[in-house]
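The values are calculated or read from the model by the stated rules, or taken from the named source; none is laboratory data. Owing to the predicted nature of the structure, the values given are computational and were not obtained by experimental measurement. Cβ atoms come from the backbone with ideal geometry, glycine included; neighbour counts cover every protein chain shown. For accessibility, only protein heavy atoms count, side chains too; no ligands or nucleic acids. Shrake-Rupley method; radii C 1.70, N 1.55, O 1.52, S 1.80 Å.
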Amino acid sequence: MHWQDQGIILGARRHGETAGIVSILTREHGRHHGLARGIAGKRLRGVVEPGNRVACAWSGRLADHLGIWSLELDRAHAAAVLDDPLRLAGVAAATAMVEACLPEREAHPALYEALAILLDAIADGAASWPFVYVRFELGLLSELGFGLDLSACAVTGATQGLTHVSPRSGRAVTEEAGLPYAAKLLRLPSFLASGRGGPPANDSQRDLADGLVLSAFFLEQRVFPAAGQALPPARGRLVDRLLGAGAAVGVVTRP
Amino acid sequence: MAGQEIERLIQLMAKLPGLGPRSARRAVLQLIKKRDGLMRPLAEAMSAAAAAVRPCSTCGNLDALDPCAICADPARDPSVVVVVEEVGDLWALERAGAHRGRYHVLGGTLSALDGIGPDDLNIEPLIGRVAAGTVREVVLATNATVEGQTTAHYLMDRLQPLGVQVTGLAHGVPVGGELDYLDDGTLSAALKARRPF
């Protein structure tokens with residue numbers, strides 16, 4: 001068997017002295033492992049780093065074999081962010097999240113595109129990349145079948161004035177409809193509310209924190225228990241860098 | 001083909017870096033041929049090393065002494081500590097002879113894939129060494145990889161409140177390197193780290 005695809009490196013484990021088992025999120029073949037020879041050598045040393053976009057070819061005698069990767073660098077996202085702790089934490093968290101919760105060999109082209117857009121935004125230093133990261137996590141939830149419905153109020157059907165999300169149904173509610181349950185509801189950040197696109201609000205740090213709480217809550221409740229894991233520590237380090245040390249603890253335990 | 005003892009020896013030798021089953025077989029054959037000149041001294045040296053070599057309680061280097069020869073050397077500058085991932089990195093820097101201070105071996109890097117967190121690394125003793133007040137500069141010499149630099153940034157956050165100068169190795173064109181053959185990442189890192197000439 002042989003196929004070619006585009007991919008994003010998620011991680012690698014050394015196998016022997018010069019080879020490694022490399023995990024790649026490919027556009028058409030999903031998260032896929034394979035053996036890459038010579039990853040400690042000059043040609044591949046800088047290629048097999050989490051976040052790098054590669055042109056990859058996988059070959060194996062049977063489809064369920066580990067197979068062999070042939071890799072060629074397309075864009076070195078990792079090298080672009082090595083000396084920036086915040087952006088490096090963004091790349092590490094995004095790749096760790098995909099590696100931790102996406103099933104193997106199941107195509108998720110939309111998620112591949114979302115990750116590619118996020119990594120481009122991080123590597124280019126776009127100021128809004130933390131908000132793109134939150135959208136990426138919500139996209140991850142959606143791809144895994146746990147998407148949130150933020151388009152209309154679960155109680156009244158209103159599409160404007162959405163301010164909270166029900167932790168039970170994952171649906172948005174307006175402030176009036178959610179008032180009796182305000183203490184139990186999750187805040188919906190303005191940059192995710194339906195019909196409120198465009199640049200983040202003035203209180204963007206609070207919006208960002210609300211977004212990270214929202215995605216962490218549903219990831220922790222719905223995705224990671226099934227995978228038998230907790231949120232990756234790389235995500236906690238990103239949250240700490242974005243919101244201040246210790247913030248990750250609050251983010252993953254609310255509400 | 002060979003006796004049980006020889007097969008066991010081949011199996012063990014084949015686990016060493018650089019040796020596969022065929023080269024392990026050749027090495028074992030050579031050892032047996034030079035039983036008195038090589039095999040017995042090697043076995044004694046291995047036995048002695050296994051009994052005596054321990055990680056240094058100060059820096060994590062491997063030595064038969066504790067503190068290790070580097071930590072105990074009064075000629076070395078105790079105010080400059082180079083932080084490396086593994087003992088092999090320390091040996092590489094010693095080979096280069098470029099550093100006459102002390103070291104600290106972390107024993108790995110923070111790794112999302114392998115679930116290695118700060119508590120799994122030799123970080124607290126480093127913080128303790130710096131907090132003791134004798135260290136003026138910490139040089140973060142972790143690898144130029146996502147995991148290596150994530151660890152370096154984490155250490156930077158931990159060390160900064162202690163008021164010590166924290167520096168890192170430069171990334172860029174290697175000595176003897178030709179630009180045409182360098183990867184994109186190294187080239188952009190080199191350009192970013194350009195300095196007045």
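Values computed for the structure shown
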{"item": "Selected residue (criterion: surrounded by the most Cβ atoms within 10 Å (Cβ to Cβ)) from residues of segment A:151-169 that are modelled with pLDDT of 90 or more and in a loop (DSSP other than H, G, I, E, B)", "result": "A:Ser166"}
{"item": "A:Glu113 being open to solvent by 40 Å² or more (accessible area, probe 1.4 Å), modelled with pLDDT of 95 or more, more than 29 Å from A:Thr18 (Cα to Cα) and not β-branched (Val, Ile, Thr)", "result": "yes"}
{"item": "Restricting segment B:85-108 to residues that are in contact with a helix residue (DSSP H, G or I) (Cβ under 6 Å, 6 or more places away or on another chain) and open to solvent by less than 20 Å² (accessible area, probe 1.4 Å), the residue that is nearest to the other protein chains (Cβ to nearest Cβ)", "result": "B:Val105"}
{"item": "A:Ala172 being in a strand (DSSP E or B), at pLDDT 85 or above and closer than 21 Å to A:Leu140 by Cβ", "result": "yes"}
{"item": "Set B:Leu187, B:Leu169, B:Leu162: member being open to solvent by 30 Å² or more (accessible area, probe 1.4 Å) and either more than 12 Å from every other protein chain (Cβ to nearest Cβ) or touching a helix residue (DSSP H, G or I) at 6+ places or on another chain (Cβ under 6 Å) (or both)", "result": "B:Leu162"}
{"item": "Residues located in segment B:26-42, provided they are under 17 Å from B:Glu5 (Cα atoms) and open to solvent by 60 Å² or more (accessible area, probe 1.4 Å)", "result": "B:Arg26, B:Leu29, B:Gln30, B:Lys33, B:Lys34, B:Arg35, B:Arg40, B:Leu42"}
{"item": "Selection from segment B:175-184 of residues that are open to solvent by 60 Å² or more (accessible area, probe 1.4 Å) and more than 9 Å from chain A (Cβ to nearest Cβ)", "result": "B:Val175, B:Gly176, B:Glu178, B:Leu179, B:Asp180"}
{"item": "Segment A:89-106 residues that are more than 11 Å from chain B (Cβ to nearest Cβ), paired with ones that are open to solvent by 30 Å² or more (accessible area, probe 1.4 Å) and in a helix (DSSP H, G or I) (beta carbon under 7 Å, 6 or more apart)", "result": "A:Cys101/A:Ala227"}
{"item": "Within segment B:121-159, tally of residues that are small (Gly, Ala, Ser) and either in contact (Cβ under 8 Å) with a residue 12 or more places away in the chain or facing chain A (nearest Cβ under 9 Å) (or both)", "result": "5"}
{"item": "Number of the condition not met by B:Tyr154 [criteria: (1) open to solvent by 60 Å² or more (accessible area, probe 1.4 Å); (2) at pLDDT 90 or above; (3) of a type in the set (Phe, Trp, Tyr)]", "result": "(1)"}
{"item": "Flag for A:Ala126 being away from every other protein chain (no Cβ under 14 Å), more than 14 Å from A:Arg31 (Cβ to Cβ), out of contact with any Leu (no Cβ under 6 Å at 6 or more places or on another chain) and at pLDDT below 95", "result": "yes"}
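Residues are listed down the side, and each one gets a yes or a no for (1) away from chain B (no Cβ under 13 Å); (2) more than 30 Å from B:Met156 (Cα to Cα):
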position	(1), (2)
A:Trp3	yes, yes
A:Leu10	no, no
A:His15	no, yes
A:Arg31	no, yes
A:Ala36	yes, yes
A:Val47	no, no
